[in-house]
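My questions will all concern the structure given below.
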Amino acid sequence: MIFVPLPFVFALLLSLLFAYLLRSNGTLSTTPFLMLIGLCVLQSIIIGLRWGYGIAELRFVLPVLAVALPPLIYECFRGLVDEAQTSRIRLAAAPLAALVIVVLFLVQPILIDIAIIALFIGYALALLKLALAGPDGLDLARLESAGSAYRAMILAAACLFLSALFDILILLDFQWTSGDNAVILVGNANLFTLLLIGVAASVAARSHSGQEHEAGLRGTPAAAQPVSTSEDADIFGRIDALMRQEKLYRDENLNLSRLARRAGLPARQVSGAINRTTGGNVSRYVNAFRIGEVCRILSEGNSTITAAMYEAGFATKSNFNKEFQRVTGQSPDAWRKSAREPNGSAP
């Protein structure tokens, strides 16, 4: 029987994710995510060859690939915040980190493990810092899926922490038992982390709106305010008028960045005004319009629920069903039946 190492199975699963993402949304905006998943595939294959078939020479390749992972993860999610602030230094961080590891191999190999652990923890903390702004901080993510992208970012940060933890355990294992448990740790821990990172990248890439972003859109974050102000009311009225008159919610790629650009306001002012005025986030505010539009379409004609969903701006059935239940308290089918009852009234 042919021996197939577990890492090859992980590589296959990640390759399927890569192919799906490339086929469904293979645009320039998803290139960093494709690169990240591709790197996870390559790393899984190298791990399989190293530990499954005992090719010891690959031990020099693994650290070089590993350090390219955190900078690429960070840049993927940073691209959902503001493409206009993409830095050449950040883009060069992955090959630069790989070069540092190569140099350490030549001059001070004992520092390699410490450098890798520090890098993973540092980028995990950087991701968590991005997450402080919440889902509304992902200006370039589609509003419908900003929550999913936000959770993917948290998952990616957790994976980096987890990978650093297992690197520490492997380092201690080599110190205490000469690496007797290293194969188990690598095969069942870091590989699982790679798979989760690939899934997170796939989710975040599908959340990217693919819209062009204009410089100068973001404003300086305002201090949190417990109640809505007169300025918030003015901004909210401006946004509300745009939503009702131009029906911006029908755009399935609508994101906070584009909404703010149409209003001629900084994104942080828009999200802050909506949050303080409605008590919810921008995504829920927009989805309320979309649900209202679906209800109008279903009550006035013979359109199918799926057709009404897409016409109103929803891109996925799962999110539509969840939001419809949240807003109306009923499933779409139940709402339509109650709306068609002679003496019934839909919410």
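The values are calculated or read from the model by the stated rules, or taken from the named source; none is laboratory data. In this text, all values refer to a predicted model and were calculated from it rather than measured experimentally. Cβ: placed from backbone, ideal geometry, glycine included. Neighbour counts: every protein chain shown. Protein only, heavy atoms only, side chains kept; ligands, DNA and RNA dropped before computing areas. Shrake-Rupley method; radii C 1.70, N 1.55, O 1.52, S 1.80 Å.
Give me the pairs, please: first residue somewhere in the stretch 41-65 and more than 18 Å from LEU196 (Cβ to Cβ), second residue anywhere and part of a helix (DSSP H, G or I) and aromatic (Phe, Trp, Tyr), beta-carbon distance under 7 Å, and either six or more positions apart or on two chains.
PHE60/PHE105
In addition: Which one is most open to solvent (accessible area, probe 1.4 Å) among residues in the stretch 309-319 that are within 13 Å of TYR249 (Cβ to Cβ) and in a helix (DSSP H, G or I)?
Here the answer is TYR310.
Separate question: Could you list all residues from the stretch 164-191 that are open to solvent by less than 10 Å² (accessible area, probe 1.4 Å) and at pLDDT 80 or above?
ALA164
Test GLY134 against the stated conditions and say whether it is on the phi > 0 side of the Ramachandran plot and either open to solvent by 60 Å² or more (accessible area, probe 1.4 Å) or out of contact with any Asp or Glu (no Cβ under 6 Å at 6 or more places or on another chain) (or both).
Yes, satisfied.
If I filter the stretch 260-271 for residues that are of a type outside the set (Gly, Ala, Ser), part of a helix (DSSP H, G or I), open to solvent by 10 Å² or more (accessible area, probe 1.4 Å) and farther than 19 Å from ASP139 by Cβ, do I get at least one hit?
Looking for residues that are of a type outside the set (Gly, Ala, Ser), part of a helix (DSSP H, G or I), open to solvent by 10 Å² or more (accessible area, probe 1.4 Å) and farther than 19 Å from ASP139 by Cβ, one finds none in the stretch 260-271, hence no.
Could you check, for the stretch 302-315, whether at least one of its residues is in contact with a helix residue (DSSP H, G or I) (Cβ under 9 Å, 6 or more places away or on another chain) and within 15 Å of ASP139 (Cα to Cα)?
no
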